[in-house]
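Take a look at the structure below.
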Amino acid sequence: MNEKFENILRKMGKSPISQLTAYDYPTARMLDEAGVDIILVGDSLGMMVLGYPDTTHVTMQHMLHHAEGVVRGAKNALVVVDMPIHSFDTPELALENARLLMQTGADAVKLEGGTAQEAAIRAITAAGIPLQAHIGLLPQKVKEEGGYHMKGKSDVEAEALRKDLEAVIRAGAFSVVIECTRHSVAAALTKISSIPTIGIGSGHGTCHGEVCVFHDLVGGFPWFVPGFVTPGANISGEISRAVNQWKCGLLLP
Ligand code: KIV
């Protein structure tokens, strides 16, 4: 295990682990220079960068292309690359595609799913490839589930999430994202987890760290902002202002 992973594990339970998405070189470099612990080349790039309605349109080619730029910009942060939908349909395919993603120079891969993906996760980690798991709301299931729904709302769902957590730990994940899960359930999962939990839309302070989509944080995708995000900047407003100022300048002699 290299220093980047040791840093994440050292922080677990002591200070919050920070994870942000980036899909290109300049963003990755800015986040890296700002001291973010983990940079995620998320398949959310399907919406944030490519204009698709959800992540089910994202392919391995997209992920490889964007991961290469991010890796060039990140010197200190741990770079995790998402495995797109259908790229881990069987354990063999999962390993083949994880290897391709790691060839970009990334430090780890991430995939969505708990108990259902235990074999795929094990195939990847057994080959020495670090993997971040992802449980709770799984955006790649948006079509099957008819939308995005909060998880852990019943005792049955909470118990299924506990089993998911145990499965990904057993399969060798080094960390786990817990997305849009009832806050008390995310906190309970964190309590029993032997690996760092990283929350998103699962309540503040309920996990060992938090992950945020970069565009949501900086106001870079004004057409939709999830309710659980408080943007820290208004980049789209600044772009409009600068473009309008520049256009007005064109009228000047
Ligand atoms: O693709 C992504 O940005 C993600 C985060 C929501 C965790 O998976």
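The values are calculated or read from the model by the stated rules, or taken from the named source; none is laboratory data. Here the structure is a predicted model, which is why all the values come from computation and not from measurement. Because the Cβ atoms are built from the backbone with ideal geometry, glycine has one as well, and the counts that use them run over all protein chains shown. Accessible surface areas use protein heavy atoms only, side chains included; no ligands, DNA or RNA. Shrake-Rupley method; radii C 1.70, N 1.55, O 1.52, S 1.80 Å.
Given labels modelled 7 Å from the Cα in the Cβ direction, how far is it in nm from A233 to C248?
It is 2.3 nm.
Most fluctuating residue of D155, D32, D54 in a GNM of the chain with Cα springs under 10 Å: which is it?
Residue with maximal mean-square fluctuation among D155, D32, D54: D155.
Looking only at H183, H66, H149, which one moves most when the chain is put into a Gaussian network model with springs between Cα atoms under 10 Å?
Maximum among the listed residues: H149.
Which percent of the accessible area of the chain is formed by carbon and sulfur heavy atoms (probe 1.4 angstrom)? Don't skip to the end; give the middle numbers.
Values: 7120 of 12230 Å².
Reported share for carbon and sulfur atoms: 58 percent.
Roughly what angle does helix 91-102 make with the longest principal axis of the chain, taking Cα atoms, 0 to 90 degrees, to the nearest 10?
Helix 91-102 sits roughly 40 degrees off the main axis of the chain.
Rounded to the nearest 0.05, what FRET efficiency do A116 and K11 give with R0 = 25 Å and r taken as the Cβ-Cβ distance? Could you check?
In this case the efficiency is close to 0.30.
Averaging sequence separations of C-alpha pairs under 8 Å and six or more residues apart, then dividing by the length of the chain, give the relative contact order as a whole percent. Provide the component values of the computation, followed by the final result.
On the way: 481 pairs, mean separation 39.8, N = 253.
Answer for the chain is 16 percent.
Under the √(5λ) rule applied to the eigenvalues of the Cα gyration tensor, what semi-axes describe the equivalent ellipsoid of region 3-212? Give them in Å, descending. Could the numbers behind the result be given before it?
Working: eigenvalues 108, 77, 58 Å².
Working through the eigenvalues yields semi-axes of 23, 20, 17 Å.
Add -39500 (n - 2.57) for each DSSP H run of 4 or more in the chain, then divide by its residues: what number comes out at 222 nm, to the nearest 500 deg cm²/dmol?
Working: 11 runs with 108 residues, N = 253.
Counting only the DSSP helices, I get -12500 deg cm²/dmol.
Per residue and in Å³, how big is the convex hull formed by the alpha-carbon atoms of region 42-127?
On the way: hull volume 7.9 nm³, N = 86.
Output value, Cα hull per residue: 92 Å³.
Dipole of region 3-212, Cα-centred, from +1 at each Lys and Arg C-beta and -1 at each Asp and Glu C-beta, to the nearest 20 debye?
Numbers: 19 positive and 25 negative charges, 102 e Å.
Here region 3-212 has a charge dipole of around 500 debye.
In Å², and per residue, what accessible area does the chain have when probed at 1.4 Å with the other protein chains present? Don't skip to the answer; put the middle values down first.
Numbers: 12230 Å² over 253 residues.
That works out to 48 Å² for each residue.
Whole number please: convex hull volume per residue of the Cα set in region 138-253, in Å³?
Numbers: hull volume 15.8 nm³, N = 116.
Taking only Cα atoms, region 138-253 has a hull volume of 136 Å³ per residue.
Region 1-98: percent of C-alpha pairs farther apart than 17 Å?
On the way: 2572 of 4753 pairs.
Counting every Cα pair in region 1-98, those more than 17 Å apart make up 54 percent.
Quick one: angle between helix 183-192 and the longest Cα principal axis of the chain, in degrees between 0 and 90, rounded to 10, please.
The answer is roughly 50 degrees.
Write down the radius of gyration of region 212-253 and its Dmax, each obtained from C-alpha positions, in Å.
That works out to 13.7, 47 Å for Rg and Dmax.
For helix 60-73, what angle does its Cα long axis make with the longest principal axis of the chain, in degrees from 0 to 90 and rounded to 10?
With rounding to tens, the tilt is 70 degrees.
Given H placed 1.01 Å from N in the peptide plane, which residues other than close sequence neighbours of A133 have an amide H under 5 Å from its amide H?
Amide H neighbours of A133, under 5 Å, 5+ apart: F174, S175, V176, V177.
Could you give the length gained on full extension between E96 and F224, defined as 0.36 nm per residue of separation minus the Cα-Cα distance, in nm?
Values: separation 128, 0.36 × 128 = 46.08 nm, distance 3.46 nm.
Length gained between E96 and F224: 42.6 nm.
Can you tell which of F214, F174, F228 shows the greatest fluctuation in a Gaussian network model of the chain with Cα springs below 10 Å?
Looking only at F214, F174, F228, the biggest GNM fluctuation is shown by F228.
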